[in-house]
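The values are calculated or read from the model by the stated rules, or taken from the named source; none is laboratory data. Keep in mind that what you see is a predicted model, and the values were worked out from it rather than measured. Note that each Cβ is placed from the backbone with ideal geometry, even for glycine, and that neighbours are counted across all protein chains shown. Only protein heavy atoms, including side chains, enter the accessible area calculation; ligands, DNA and RNA are left aside. Shrake-Rupley method; radii C 1.70, N 1.55, O 1.52, S 1.80 Å.
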Amino acid sequence: MVKPMAVAGAMVCWGVLFVGCAPAVEPTPSPEPSPVPTFQCTPEAGGEAYACDQAEYEAMVVRDEQYAEAERVYRRAMEIVNALTNSKQPINSELIAITTGSAQADFEKALLDISQDGAEYSGTPEIEWIRRAPDAVDQGSVVALEVCTSPGDQVVVVDGVPIPSSTAFERVFFRLEDGQMKMASGQAGEVASCWQ
């Protein structure tokens, strides 16, 4: 005869076996929301950063690179123009390679005139600041910069008389040609100071 304790023990053992063999039931986790990437964008004209999506951020990065490249082109063009002016040389191939349109034509004419005049040129004008001009467009430009340049240590001597150089404000426009940023056109005028 089977003792009741033995039956009870067998039942407990079978229960343990069944629990051990049954797949563990786990609560279905509620799906966690995918993290939404938060990017910080800065307005094209400058100002406070704001939260933006990835597409807007990537567009901003491309735009920032265009402005940075335009500034590099501008600074290099001015170095070349200054060197050619001081040595009274006409436009060269490097300046031609980074300019186009009316900017190139204006440099070519100005440098030719300088190479033939009787003045002596020395020193370097000082670029006081460069800033973006996001609302300015000219002749299919992709970006525009505003630049203020003071005389620096530039000296122009005509018939032995030093002529004071002026402070200039420019709006300079850039185009992409065959994937290369080029100075395309500009507007310039004399100002009293870069810091008014």
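By the gyration tensor of its Cα atoms, with a ≥ b ≥ c the square roots of the eigenvalues, what is the shape of segment 111-155: rounded for a/c under 1.5, prolate for a/b over b/c, or oblate?
Because a/c hits 1.5 or more and a/b fails to exceed b/c, segment 111-155 counts as oblate.
Quick check: from the Cα gyration tensor, does segment 68-196 come out rounded (a/c under 1.5), prolate or oblate?
Details: a/c = 2.25, a/b = 1.36, b/c = 1.65.
Oblate.
Sites listed here are trypsin sites (Lys or Arg not before Pro) in segment 113-196 whose DSSP assignment is loop and whose Cβ has at most 12 other Cβ atoms within 10 Å, and the list is empty.
What a 1.4 Å probe finds exposed on segment 111-179 is 49% carbon and sulfur by accessible area, rounded to a whole percent.
A cut-off of 5 Å between modelled amide H atoms, ignoring neighbours fewer than 5 places along the same chain, links residue 154 with 124. Available extension along the chain between residue 119 and residue 86 is 10.9 nm, counting 0.36 nm per residue and deducting the alpha carbon span. Dipole magnitude for segment 94-185: about 340 debye, using +1 per Lys or Arg Cβ and -1 per Asp or Glu Cβ, origin at the Cα centre.
Taking every protein chain into account, the accessible area of segment 88-196 amounts to 55 square angstrom per residue (probe 1.4 Å). Evaluated at q = 0.19, 0.25, 0.27, 0.29 Å⁻¹, the base-10 log of the normalised Debye intensity for segment 148-196, with identical point scatterers placed on the Cα atoms, takes the values -0.75, -0.91, -0.96, -1.01.
Spin-label pair residue 69-residue 178: with each label point 7 Å from Cα along the Cα-Cβ axis, the two points sit 1.4 nm from one another.
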